[in-house]
Amino acid sequence: MYQNQTTVARPQASVLSTNKVLRNTYALLSMTLVFCAAMAYVAVSTQVSYGAALVANIVAIALLWFVLPRTANSGAGIGVIFAITGLLGFGLGPMLSYYLQVNPSIVMTAVGGTGVIFLGLSGYALTTRKDFSFMAGFLMVGFFVVLGAALLNIFMQIPVLHLVINAAIIMIMSGFILYQTSSIINGGETNYIMATAGIFLSILNLFTALLQLLGAFSGND
Amino acid sequence: MDWVKIGSALFLGAMLVFMFPRMRQAIKHSPKGTMQDWMGYIIPIIAVIAFVVFLIMSVR
């Protein structure tokens with residue numbers, strides 16, 4: 001939208017700073033993804049229960065909401081982001097155990113698919129340098145509606161609604177990846193820890209939604 | 001209904017309550033996109049949908 005004005009008018013120091021945030025974000029993101037995968041492996045190998053996974057997810061989200069914003073500008077933020085991603089990885093345990101038991105190839109397809117979607121969308125946002133800030137309201141409303149539908153479906157247990165929710169999550173998380181990447185490029189996000197947290201959550205939600213969708217359509221859900 | 005489902009429902013409910021003011025703020029403060037801006041979102045999303053359909057076909 002305003003990309004030409006911002007890129008031409010921005011001083012070199014600002015561009016260097018943006019590149020530094022981008023580099024640090026991707027470096028931290030890759031480390032947290034590896035740590036998350038390691039914690040998921042621990043949870044799968046120890047056969048963690050759904051209750052323990054739920055507690056891990058609740059603690060992770062509480063850290064994300066209440067602790068990370070206060071520590072993101074200090075070194076402690078690194079420890080907090082690793083704690084969050086580790087707990088979220090641990091929380092994946094029961095779901096991964098289930099799909100690894102019924103059809104391990106689905107898990108690998110979901111991992112590969114998530115990687116391709118993330119790299120494709122990030123590459124698109126980085127090369128076009130488009131400003132996706134106009135999507136903030138749309139994405140937040142979309143995610144809010146999806147969460148509401150997911151809450152309803154806990155009680156209603158409608159299989160088609162479950163599929164629709166997962167398909168919507170894939171589209172919304174794809175939008176969040178574009179939005180967050182463009183936010184770093186255009187100087188909207190200057191803290192690499194917060195940027196990592198946002199992109200990590202998008203990737204994680206994308207992966208779980210894709211895994212459930214593939215599981216449902218392969219007849220293993 | 002087991003306690004994991006009740007816990008999940010409470011968790012999602014808390015997320016909705018927490019997100020609501022942020023959603024309102026995002027609606028108020030986000031700039032309006034033009035048709036061209038939206039096309040910049042729609043085109044990659046169509047590619048993502050096509051790729052997901054391809055993955056679904058490959059596991060069926």
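Here, each number is a calculation from the coordinates, and none is a lab measurement. Bear in mind the structure is a predicted one, so any value in this text is a computation, not a measurement. In this analysis, Cβ positions are derived from the backbone assuming ideal geometry, glycine residues included, and neighbour counts consider all displayed protein chains.
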The conditions are (1) within 13 Å of chain B (Cβ to nearest Cβ); (2) surrounded by 14 or more Cβ atoms within 10 Å (Cβ to Cβ); (3) more than 30 Å from B:TRP38 (Cα to Cα), and A:PHE66 fails exactly one of them. Which is it? (2)
List the number of the failed condition for A:ALA60; all other conditions in (1) touching a helix residue (DSSP H, G or I) at 6+ places or on another chain (Cβ under 7 Å); (2) away from chain B (no Cβ under 12 Å) hold. (2)
Just checking, how many residues over the range A:173-196 are more than 10 Å from chain B (Cβ to nearest Cβ) and either touching a Pro at 6+ places or on another chain (Cβ under 9 Å) or under 21 Å from B:PRO31 (Cβ atoms) (or both)? 13
Counted residues, the range A:184-212 - those being buried (at least 22 other Cβ atoms within 10 Å of the Cβ), small (Gly, Ala, Ser) and over 30 Å from B:VAL59 (Cβ atoms): 2
Going through (1) touching a helix residue (DSSP H, G or I) at 6+ places or on another chain (Cβ under 7 Å); (2) more than 7 Å from chain A (Cβ to nearest Cβ) one by one, B:ILE46 fails only at (1)
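Tally up the residues in the range A:110-164 that are of a type in the set (A, V, I, L, M), touching a residue at least 24 places away in the same chain (Cβ under 8 Å) and more than 7 Å from chain B (Cβ to nearest Cβ), please.
Residues of the range A:110-164 that are of a type in the set (A, V, I, L, M), as a first pass: A:110-111, A:116-117, A:119, A:121, A:125-126, A:135-136, A:139-141, A:145-147, A:149-152, A:154, A:156, A:158, A:160-161, A:163-164.
Okay, now just the ones that are also touching a residue at least 24 places away in the same chain (Cβ under 8 Å), so A:110-111, A:117, A:121, A:125-126, A:135-136, A:139, A:146, A:163.
Retained after the next criterion (residues that are more than 7 Å from chain B (Cβ to nearest Cβ)): A:110-111, A:125-126, A:139, A:146, A:163.
Of the residues in the range A:110-164, 7 are of a type in the set (A, V, I, L, M), touching a residue at least 24 places away in the same chain (Cβ under 8 Å) and more than 7 Å from chain B (Cβ to nearest Cβ).
Restricting attention to the range B:1-38, which residues are in a helix (DSSP H, G or I) and β-branched (Val, Ile, Thr)?
Answer for the range B:1-38, where residues must be in a helix (DSSP H, G or I) and β-branched (Val, Ile, Thr): B:VAL4, B:ILE6, B:VAL17, B:ILE27.
Criterion first (of a type in the set (A, V, I, L, M), assigned to a helix (DSSP H, G or I) and touching an Asp or Glu at 6+ places or on another chain (Cβ under 9 Å)) does A:ALA195 satisfy it? Spell out the reasoning first.
Numbers: of a type in the set (A, V, I, L, M): yes; assigned to a helix (DSSP H, G or I): yes; touching an Asp or Glu at 6+ places or on another chain (Cβ under 9 Å): yes.
Considered against the rule, which asks whether it is of a type in the set (A, V, I, L, M), assigned to a helix (DSSP H, G or I) and touching an Asp or Glu at 6+ places or on another chain (Cβ under 9 Å), A:ALA195 comes out as yes.
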Condition first: in contact (Cβ under 8 Å) with a residue 40 or more places away in the chain, more than 11 Å from every other protein chain (Cβ to nearest Cβ) and surrounded by fewer than 18 Cβ atoms within 10 Å (Cβ to Cβ). Can you find one or more residues in the range A:100-109 that meet it? yes
Subset of the range B:4-33 (residues that are exposed (fewer than 11 other Cβ atoms within 10 Å of the Cβ) and within 7 Å of chain A (Cβ to nearest Cβ)): B:LYS32
Pairing a residue in the range A:189-209 that is touching a residue at least 12 places away in the same chain (Cβ under 8 Å) with any residue that is of a type outside the set (Gly, Ala, Ser) and not in a helix (DSSP H, G or I), where Cβ atoms lie under 6 Å and the two sit 6 or more apart in sequence or on different chains, gives A:ALA195/A:GLU189
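Could you please find all residues in the range A:128-185 being among the aromatic types (Phe, Trp, Tyr) and assigned to a helix (DSSP H, G or I)? Break it down into steps so the answer makes sense when it comes.
From the range A:128-185, those among the aromatic types (Phe, Trp, Tyr) are A:132, A:134, A:138, A:143-144, A:155, A:176, A:179; that's our starting set.
Within the range A:128-185, A:PHE134, A:PHE138, A:PHE143, A:PHE144, A:PHE155, A:PHE176, A:TYR179 qualify.
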